[in-house]
Amino acid sequence: MLPNLYLSALVFLLIGNDSNIDSEQVYFGQKFILGQNQQVSITDSTATGEAITLSWESMTDSRCPTDVKCITAGEAVLILQLQNKDLQTILTKVYQPGTSPAITYITNSPIQLGKAKYNLRLLSVSPYPNTKNTFRMPQAELILEKI
């Protein structure tokens, strides 16, 4: 009987628990951290009720580790999904080159979602690659601005 209880608890933790997807509340123009398998709801600080849900879809990271000499610097590329209250969605890419983690990158052009336009700025992607690092879940520091 006890092994069945352990098995039930394990199944709940792996399947029945939605805690793998965190959600937090932030406002347009405010910095926030978004990690793998996370989403954030971004709203207007006024009473308009406008809201966007931003979700992490995928990431590739070819940045050169800090303790290695590379021919190219590489880059971190995030694919994020934006969704408005009308359930209109769009996927967008943001980049960070491996040469300077301090450079801020804005998506190629304003993001059009419904009638609204937005700028998405990628401030940083961490952890920065290093051959001595143990695995840590990646996360990005971002700002979504309504324009």
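Every number in this text was worked out from the coordinates using simple rules, so none of it is lab data. Nothing here was measured: the structure is a model prediction, and the numbers come from that model. Positions of Cβ are backbone-derived with ideal geometry, glycine not excepted, and every protein chain shown enters the neighbour counts.
In table form, for the structure just shown:
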read-out	value
³J(HN,Hα), Karplus 6.51/-1.76/1.60, whole Hz, each residue of region 54-69, x for Gly, Pro	10, 10, 6, 9, 6, 8, 10, 9, 10, 4, 5, x, 4, 9, 10, 9
Alpha-carbon Rg with Dmax, taken over region 20-146, Å	15.3, 52
Charge dipole of region 20-146 about the Cα centre (unit charges at C-beta), most positive-ward option of L122, C64, P138	C64
Sequence-distant lysines (8 or more away, or on other chains) whose Cα lies within less than 27 Å of K146	K31, K85, K93, K115, K117
Per-residue Cβ neighbour rank within 10 angstrom, fewest leading, V68, V26	V68, V26
Residue order, fewest to most beta carbons within 10 Å, for M137, M59	M137, M59
Stretchable slack from E145 to M59, in nm (0.36 nm times residue separation minus alpha-carbon distance)	28.8 nm
Distance between modelled label sites at L87 and S41, nm, 7 Å Cα→Cβ extension	1.7
